[in-house]
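What follows is a short report on a single structure.
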Amino acid sequence: MSMTHKHAESDQHKKNHKSTGSLVKSAIVYIALGLVVWLGTLIPAPHASMEIAGIVYKTFAGVLAIIAAVFVLIGLIQVWLTPEQVSKVLGREAGWKGLVLSAILPMILGGSLFVIFPLLKTLREKGARTSSVVAFLFAWSAKAPLIPLEIKFLGLPFAALRLASIPVLAILGGLLAEWFIDKPAS
């Protein structure tokens with residue numbers, strides 16, 4: 001491993017550490033705010049307050065399993081993939097092939113926001129270009145498992161047009177975002 005690569009990893013580790021600290025502080029604020037609101041319901045509506053506690057517990061338990069799996073996936077990506085490998089598939093050197101892949105592949109993926117955002121953050125840190133990350137998010141909204149419901153409620157022509165337009169709009173949105181976000185300061 002070159003000294004430049006080690007230095008880049010060290011800088012990235014520092015950024016991740018600051019980002020994690022900020023995330024933890026935000027989580028503590030939201031949890032404290034939620035507890036204050038919940039405690040405010042305890043006296044006037046104890047039954048409703050217990051129902052809220054049960055819902056929060058079930059939701060937290062369900063999300064915890066997803067978050068644990070995401071942490072494992074991100075850890076594997078961090079260890080197994082080099083920035084060069086990610087860049088080759090999703091970076092600038094991948095060209096249109098990487099952008100098209102980012103605009104189509106997520107349409108068949110499932111996963112919640114708890115999976116997608118941390119995954120995209122990791123891929124971006126590993127060298128994925130901005131347009132690929134944005135195209136991925138656009139295309140991910142297609143949600144293949146929901147297509148039968150979309151057809152039932154909105155009709156086949158609507159669903160077909162929306163699905164056909166997603167890759168095109170994902171690529172355009174990705175390129176536009178990259179132009180705004182990554183353009184050099186003048």
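Mind telling me which of the residues Leu105, Leu119, Leu99, Leu123 ends up being farther than 20 Å from Leu23 by Cα, crowded, with 17+ Cβ neighbours inside 10 Å and aliphatic (A, V, I, L, M)?
Leu99
Taking the stretch 126-174, which residues are among the hydroxyl-bearing types (Ser, Thr, Tyr) and either surrounded by 19 or more Cβ atoms within 10 Å (Cβ to Cβ) or in contact with a Cys (Cβ under 6 Å, 6 or more places away or on another chain) (or both)? Outline the logic, then answer.
Step one: list which residues in the stretch 126-174 are among the hydroxyl-bearing types (Ser, Thr, Tyr), which gives 130-132, 141, 165.
Matches in the stretch 126-174: Ser131, Ser132.
If I ask for residues that are in contact with a Gly (Cβ under 7 Å, 6 or more places away or on another chain) and among the β-branched types (Val, Ile, Thr), which ones from the stretch 86-139 would you list?
Passing the criteria: Val86, Val89, Val134.
Here are some residues: Leu73, Leu109, Leu113, Leu90. Which one is in contact (Cβ under 8 Å) with a residue 12 or more places away in the chain, hydrophobic (A, V, I, L, M, F, W, C), within 14 Å of Phe136 (Cα to Cα) and out of contact with any Lys or Arg (no Cβ under 8 Å at 6 or more places or on another chain)?
On the way: Leu73 fails: within 14 Å of Phe136 (Cα to Cα); Leu113 fails: in contact (Cβ under 8 Å) with a residue 12 or more places away in the chain; Leu90 fails: out of contact with any Lys or Arg (no Cβ under 8 Å at 6 or more places or on another chain).
Exactly one of Leu73, Leu109, Leu113, Leu90 is in contact (Cβ under 8 Å) with a residue 12 or more places away in the chain, hydrophobic (A, V, I, L, M, F, W, C), within 14 Å of Phe136 (Cα to Cα) and out of contact with any Lys or Arg (no Cβ under 8 Å at 6 or more places or on another chain), namely Leu109.
Could we say that Val79 is surrounded by fewer than 17 Cβ atoms within 10 Å (Cβ to Cβ) and either of a type in the set (S, T, N, Q) or part of a helix (DSSP H, G or I) (or both) here? Please lay out each step first, then the result.
Numbers: surrounded by fewer than 17 Cβ atoms within 10 Å (Cβ to Cβ): yes; either of a type in the set (S, T, N, Q) or part of a helix (DSSP H, G or I) (or both): yes.
When the stated conditions are applied, Val79 passes them.
Read the figures in this text as sums done on the coordinates, not as results from a lab. Note that the structure is a prediction, hence the values are computed from the model and not measured. Positions of Cβ are generated from backbone atoms using ideal geometry, with glycine treated the same way; all protein chains shown enter the neighbour counts.
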